[in-house]
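K.L.:
First the structure, which I've put down as structure tokens, then a few questions once you've had a look.
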């Protein structure tokens, strides 16, 4: 059996398992075990556990559960609600201020959690009912939150960028810096589209019936500013080389927990049990996916599928931008079926030598890859953020959610084109702060 046929069969088996609703980690692992067993026989069983363990036995991965815990602390306490209220009270007089505050909250919350589903759920629970109550079209309310939630994997600290950095042995601090300006650019583009979308659907921005005094505006700041200070400090110690990502993540999670306990006087044991249980579930899920993806990658390599694919791509005598276009199409399709972590673990080590040989910056490619993964989060058939919105806004028809979210796919594709034309949007900040990478 040729590597091409073996690869096609393996991918079809994986897709068939995913279509049954099987968890991603189990589907990846079973498809890999079956293919290795058929190719090498029972002797391969001895290396399965070792391969999976090797996929997650990296000290850098300690940062992942710590950042997840940091996000769950904010999402599981009134801190997330106060963040949303603070932005709403300061922007309520701006035309479309509620949309702006929702997307702004998504951007800030993304910096706290590094998780798109967590961002989507936390802001959506507060923002969607509020927008519907003030008369915003349902598609605008749900679509803007679904898209804003995707910022969680781009704006640092991002779990996705940590995984990319470890998988490709690139600097996580530089990756975080590379994501800052593209993240702000996407937030601005999302805001512009959301305002235009609401206006074209007949919503007329006017003065809201509610007003906030200066006292009410400042009331929220003492609770929000300490959390924002933690984020700023966290990024400073990362970029300044004061601490490793794992150390910074651990300190950030501890300080966030300390702040919410002191500020909100949360002393009930149930609160901590719920927070740590949620963080453990999400962290174990991510690590299981990474371990299974490592096993899947080992199967692809053992069957000479990755080598054949890499050789075929490298042998293509095409313009490097045509090559990048093909890679982007591949990533878009993969992101529609698999979570970002799985796609990065499986594809980044394979694609990195190809894109560097073609003359592309690996840090620039990391951001382009991440935006591709964002597209997958709001694109059928999987579209994880769409399921999150559907769960927290059951009264809004699924069709309305799709109608509101899909235009943001076009916005993100435009963002990828802009980054291709102006790659310095990605590279300028890390080059200025840390010096050229090469």
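The values are calculated or read from the model by the stated rules, or taken from the named source; none is laboratory data. Computed from a predicted structure; not experimentally measured. As a convention, Cβ positions derive from the backbone with ideal geometry for all residues, glycine included, and neighbour counts pool all protein chains shown.
K.L.:
Just checking, does region 406-413 include any residue being over 18 Å from residue 103 (Cα atoms), in a helix (DSSP H, G or I) and within 20 Å of the chain's Cα centre (by Cα)?
P.N.:
So far as region 406-413 goes, yes, one or more of its residues are over 18 Å from residue 103 (Cα atoms), in a helix (DSSP H, G or I) and within 20 Å of the chain's Cα centre (by Cα).
K.L.:
Identify the residue in region 259-270 that is at pLDDT 80 or above and surrounded by 15 or more Cβ atoms within 10 Å (Cβ to Cβ) and, among all such residues, is farthest from residue 65 (Cα to Cα).
P.N.:
Per the criteria, the residue is 263.
K.L.:
Filter region 132-158 down to the residues that are buried (at least 22 other Cβ atoms within 10 Å of the Cβ) and over 20 Å from the mean Cα position of the chain (by Cα), then identify the one that is farthest from residue 398 (Cα to Cα). Break it down into steps so the answer makes sense when it comes.
P.N.:
Going through region 132-158, the residues buried (at least 22 other Cβ atoms within 10 Å of the Cβ) turn out to be 136, 139-158.
In the following step, the residues that additionally are over 20 Å from the mean Cα position of the chain (by Cα) were identified as 136, 139-141.
Values: 136: 17, 139: 9, 140: 13, 141: 13 Å.
Step by step, filter region 132-158, then rank; the result is 136.
K.L.:
With (1) part of a loop (DSSP other than H, G, I, E, B); (2) surrounded by 18 or more Cβ atoms within 10 Å (Cβ to Cβ) as the list, and residue 436 as the residue in question, which single condition is left unmet?
P.N.:
All conditions pass for residue 436, except number (2).
K.L.:
Within region 183-192, is there a residue that is over 18 Å from residue 70 (Cβ atoms) and buried (at least 22 other Cβ atoms within 10 Å of the Cβ)?
P.N.:
Within region 183-192, one or more residues are over 18 Å from residue 70 (Cβ atoms) and buried (at least 22 other Cβ atoms within 10 Å of the Cβ).
K.L.:
While we're looking at this one, here's another question. Could you check region 320-342 and list, in sequence order, the residues that are under 15 Å from the mean Cα position of the chain (by Cα) and free of Cβ contacts under 8 Å to residues at least 60 places away in the same chain?
P.N.:
Once the filter is applied, which keeps residues that are under 15 Å from the mean Cα position of the chain (by Cα) and free of Cβ contacts under 8 Å to residues at least 60 places away in the same chain, region 320-342 yields 331, 332, 334, 335, 336.
K.L.:
Go through (1) in a loop (DSSP other than H, G, I, E, B); (2) on the phi < 0 side of the Ramachandran plot; (3) surrounded by fewer than 18 Cβ atoms within 10 Å (Cβ to Cβ) one by one and return the number of the condition residue 202 breaks.
P.N.:
It is condition (2) that residue 202 fails.
K.L.:
Further question: All but one of (1) farther than 30 Å from residue 23 by Cα; (2) touching a residue at least 40 places away in the same chain (Cβ under 8 Å) hold for residue 245; which doesn't?
P.N.:
Of everything listed in (1) farther than 30 Å from residue 23 by Cα; (2) touching a residue at least 40 places away in the same chain (Cβ under 8 Å), residue 245 misses just condition (1).
K.L.:
A further question follows. Does residue 242 satisfy the condition of being at pLDDT 75 or above and in contact with a helix residue (DSSP H, G or I) (Cβ under 8 Å, 6 or more places away or on another chain)?
P.N.:
Here the answer is no, as residue 242 does not meet what is asked.
K.L.:
Determine whether region 273-286 contains at least one residue that is over 25 Å from the mean Cα position of the chain (by Cα), modelled with pLDDT of 80 or more and either surrounded by fewer than 23 Cβ atoms within 10 Å (Cβ to Cβ) or not in a helix (DSSP H, G or I) (or both).
P.N.:
Yes, region 273-286 contains a residue that is over 25 Å from the mean Cα position of the chain (by Cα), modelled with pLDDT of 80 or more and either surrounded by fewer than 23 Cβ atoms within 10 Å (Cβ to Cβ) or not in a helix (DSSP H, G or I) (or both).
K.L.:
Within region 303-335, work out how many residues are assigned to a helix (DSSP H, G or I) and at pLDDT below 75. Spell out how you get there, then give the answer.
P.N.:
Step one: list which residues in region 303-335 are assigned to a helix (DSSP H, G or I), which gives 305-315, 320-335.
Right, trim to at pLDDT below 75 and you get 305-315.
Matching residues across region 303-335 total 11.
K.L.:
To continue, here is another question. Scanning for something part of a helix (DSSP H, G or I), within 15 Å of the chain's Cα centre (by Cα) and surrounded by 18 or more Cβ atoms within 10 Å (Cβ to Cβ), does region 350-365 turn up at least one residue?
P.N.:
No, region 350-365 has no match at all.
K.L.:
Here's a follow-up. So is residue 171 closer than 29 Å to residue 416 by Cβ and modelled with pLDDT of 80 or more or not? Steps first, please.
P.N.:
Numbers: closer than 29 Å to residue 416 by Cβ: yes; modelled with pLDDT of 80 or more: yes.
For residue 171, the condition - closer than 29 Å to residue 416 by Cβ and modelled with pLDDT of 80 or more - is met.
K.L.:
Let me ask something else. Pairs under 9 Å by beta carbon, first residue at negative phi and touching a residue at least 12 places away in the same chain (Cβ under 8 Å) in region 394-414, partner surrounded by fewer than 15 Cβ atoms within 10 Å (Cβ to Cβ) and not in a helix (DSSP H, G or I), six or more apart or different chains?
P.N.:
Once the first residue is at negative phi and touching a residue at least 12 places away in the same chain (Cβ under 8 Å) and sits in region 394-414, its partners that are surrounded by fewer than 15 Cβ atoms within 10 Å (Cβ to Cβ) and not in a helix (DSSP H, G or I) give 402/380; 406/380.
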